[in-house]
Amino acid sequence: MNYKEPKENLLKEGLIKRCPLDYKAISSLIKRAYVDLKTAKRNLEQDEECAFNYAYNGMLRCGLALMFSEGFRPDIKDKHLTIVRFASSILGGEFKKLINDYNFMRRKRNRFIYEPEAPCSLKEAKDAIKTSGEFITKVSKLIREKMPQKDFNF
């Protein structure tokens, strides 16, 4: 993964496009990311794959909120990977491990869909919840700092 990849590269590749800031959408996505994280925790003991998926969904929604806060949205192809790459461009090398873990989760979740026999251990689900919590906390803080004039309720 190329950390601090310029957004212009993603634009040139046709992976992102500009969009107007939508504070309501940003807030809704972050709120839902926190709900997904709680749901992941609630499902951990009953269904590891479900917990993993909800943890991933929380990160996906939060990454999308980050894109919206920068005035961008993913275009048609490779949306999930585009959100990971965009988050990497904003968060940079300082959060290399967090971004690598997010990208691992993206690939693992994809395996669940196309390889239904792919296992998900309790440890993987717990790690996914931890990673998701860190990512959501970091991105939420970043958005609040970037837009102090907005009174986000998340």
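The values are calculated or read from the model by the stated rules, or taken from the named source; none is laboratory data. Predicted, not measured: the structure shown is a model, and the values here were computed from it. Remember, those area values only see protein heavy atoms, side chains included, never the ligands or the DNA or RNA. Shrake-Rupley method; radii C 1.70, N 1.55, O 1.52, S 1.80 Å.
Here are some values of P(r) over Cα pairs in 10 Å bins from 0, in percent: [x] 12, 41, 35, 11, 1; [y] 10, 37, 32, 16, 5, 0, 0; [z] 9, 32, 34, 20, 4, 0. Which one was computed from this structure? Matching the structure shown: [x].
The accessible surface of segment 1-48, taken with every protein chain in place and a 1.4 Å probe, is 50 percent carbon and sulfur.
With a 1.4 Å probe rolled over the protein heavy atoms of all chains, the accessible area of Glu48, Glu5 falls in the order Glu48, Glu5, largest first. Given the protein chains as shown and a 1.4 Å probe, how many square angstrom of Glu49 are accessible, to the nearest 10? Per-residue accessible area (Glu49): approximately 60 Å².
In this structure, the amide hydrogen of Phe72, modeled 1.01 Å from its nitrogen in the peptide plane, lies closer than 5 angstrom to those of Cys19, counting only residues at least 5 positions away or on a different chain.
Hey, what angle do you get for helix 122-146 against the long axis of the chain, alpha-carbon based, 0 to 90 degrees rounded to 10? Long axis of 122-146 versus the principal axis of the chain: about 20 degrees. You can think of it this way: the chain between Asp47 and Leu142 has 31.0 nm of extra reach, that is 0.36 nm per residue less the Cα-Cα gap. Using only Cα atoms, find the angle between the long axis of helix 23-43 and the longest principal axis of the chain, and express it within 0 to 90 degrees, rounded to the nearest 10. It works out to around 10 degrees.
Counting only protein heavy atoms and a 1.4 Å probe, the chain has 54 square angstrom of accessible area per residue. Close amide H contacts of Ile16 (hydrogens built in the peptide plane, cut-off under 5 Å, sequence separation of 5 or more or a different chain): Leu11, Asp75. Between helix 79-91 and the chain there is an angle of about 60 degrees, using the helix long axis and the longest principal axis of the Cα atoms.
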